[in-house]
Amino acid sequence: MTEKLDGDALMSLKIAFSYMPKAIEVTKYEYGDRYQIVLNHIEAVRETLLINDVDPDEVSGEIDPDNTPNSSY
């Protein structure tokens, strides 16, 4: 996917991504044989956010700033 999303679609993707597990949390123990598929899905969403000039690591703070720890840098 190389096309940029419109504002509503991008906001929807940001919201969905904020509820996705972090890649480090995805293990074979937790997800069984599907763990690689889940990792692939997470990476696909991260790539789409980057294509749309969104830092995936900052999405949670934008979507839910009250429940996001303050940055230490």
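The values are calculated or read from the model by the stated rules, or taken from the named source; none is laboratory data. The structure displayed is predicted, hence computed values, not measured ones. So basically every Cβ, Gly included, is an ideal-geometry build from the backbone, and we count neighbours across all protein chains shown. Keep in mind that these areas ignore ligands, DNA and RNA; they rest on the heavy atoms of the full protein, side chains included. Shrake-Rupley method; radii C 1.70, N 1.55, O 1.52, S 1.80 Å.
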Taking interchain pairs and intrachain pairs at least six residues apart, which have beta carbon atoms under 9 angstrom, with the first residue in the range 40-58 and closer than 16 Å to MET11 by Cβ and the second in a loop (DSSP other than H, G, I, E, B) and open to solvent by 90 Å² or more (accessible area, probe 1.4 Å)?
THR48/MET1; ILE51/MET1; ILE51/THR2; ILE51/GLU3; ILE51/LYS4; ASN52/LYS4; ASP53/LYS4
Over the range 37-73, the set of residues at pLDDT below 85 and surrounded by 12 or more Cβ atoms within 10 Å (Cβ to Cβ) is ASP64, THR68
Restricting attention to the range 1-36, which residues are loosely packed, with under 11 Cβ neighbours inside 10 Å and basic (Lys, Arg)?
LYS22, LYS28
For the range 13-67, which helices (runs of 4 or more DSSP H) that fit wholly inside it have 3 or more residues that are under 8 Å from the mean Cα position of the chain (by Cα)?
35-51
